[in-house]
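Notes follow the structure.
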Ligand SMILES: Cc1cc2nc3c(=O)[nH]c(=O)nc-3n(C[C@H](O)[C@H](O)[C@H](O)COP(=O)(O)O)c2cc1C
């Protein structure tokens with residue numbers, strides 16, 4: 001699939017075909033694409049937990065925010081992926097933070113987008129879920145101290161096509177040289 005087409009065609013998928021499994025080889029291909037995302041000093045802090053067990057998926061769904069529109073998808077899709085970041089690697093030099101930004105979140109975002117685009121290119125659906133009790137998800141997944149569950153997604157074949165929400169106009173997103181008030185939220 002052509003890159004521009006993939007970027008524009010990817011949608012958050014919240015309805016899945018429960019009868020169509022996703023083999024491990026495909027998930028390996030997606031993790032392969034994710035690991036080629038850039039990361040702070042190539043620290044590669046992101047880890048991937050593949051959850052197939054229906055009971056565990058159900059419990060992970062329970063960590064999502066109340067009324068999260070993706071809750072049912074965690075049971076319908078055959079797989080849930082948890083994106084986990086190692087802390088104090090990205091953005092750190094010799095054990096010291098280079099600034100106060102959460103670079104591990106940035107690196108995870110890049111890897112997750114690669115993962116989701118690759119999934120889309122193979123006909124699979126994803127929906128990044130961030131609104132959750134991530135500590136509860138960490139308990140269910142058994143992540144050790146020093147790792148943080150950043151996001152999760154169901155992974156499976158879409159049950160139907162999804163339409164995405166509109167995007168802001170390019171003209172209101174960019175400016176030249178210095179900040180333009182045209183880019184403020186109110187515009
Ligand atoms: C960081 C992040 C967190 C998100 N969390 C959730 C979530 O908890 N539940 C959900 O249904 N969608 C979630 N989404 C999906 C967004 O709602 C979706 O990407 C956005 O509405 C644009 O739609 P599209 O992905 O189809 O283009 C999240 C997306 C991002 C990037």
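Remarks
- Identity of the residue in segment 49-75, away from the ligand (no atom under 14 Å from the Cβ) and touching a strand residue (DSSP E or B) at 6+ places or on another chain (Cβ under 7 Å), that ends up farthest from residue 158 (Cα to Cα): 49
- Scanning segment 140-164 for residues being more than 14 Å from the chain's Cα centre (by Cα), over 18 Å from residue 71 (Cα atoms) and at pLDDT 95 or above gives a total of 6.
- Any pair with Cβ under 7 angstrom, 6 or more apart, that starts in segment 91-111 at a residue that is under 20 Å from residue 126 (Cβ atoms) and ends at one that is in a helix (DSSP H, G or I) and modelled with pLDDT of 95 or more: 107/40; 111/34
- Flag if residue 87 is away from the ligand (no atom under 16 Å from the Cβ), in contact (Cβ under 8 Å) with a residue 40 or more places away in the chain, more than 24 Å from residue 21 (Cβ to Cβ) and touching a strand residue (DSSP E or B) at 6+ places or on another chain (Cβ under 9 Å): yes
- Sole exception among (1) surrounded by fewer than 16 Cβ atoms within 10 Å (Cβ to Cβ); (2) under 17 Å from the mean Cα position of the chain (by Cα) for residue 175, by number: (2)
- Any chance residue 167 is within 14 Å of the ligand (Cβ to nearest atom), part of a loop (DSSP other than H, G, I, E, B) and at pLDDT 95 or above: yes
Every residue, every condition in (1) under 13 Å from the mean Cα position of the chain (by Cα); (2) within 16 Å of the ligand (Cβ to nearest atom); (3) surrounded by 15 or more Cβ atoms within 10 Å (Cβ to Cβ); (4) at pLDDT below 95, yes or no:
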| residue | (1), (2), (3), (4) |
| --- | --- |
| 44 | no, no, yes, no |
| 47 | yes, no, yes, no |
| 77 | no, yes, yes, no |
| 83 | yes, yes, yes, no |
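- Test: residue in segment 91-100 that is under 24 Å from residue 133 (Cβ atoms) and either within 13 Å of the ligand (Cβ to nearest atom) or touching a strand residue (DSSP E or B) at 6+ places or on another chain (Cβ under 8 Å) (or both): no
- Scanning segment 124-155 for residues that are in a strand (DSSP E or B) and within 15 Å of the ligand (Cβ to nearest atom) yields 125, 126, 129, 132, 148, 149, 150, 151, 152, 153, 154, 155.
The values are calculated or read from the model by the stated rules, or taken from the named source; none is laboratory data. Nothing here was measured: the structure is a model prediction, and the numbers come from that model. We place every Cβ from the backbone using ideal geometry, glycine too, and count neighbours over all the protein chains shown.
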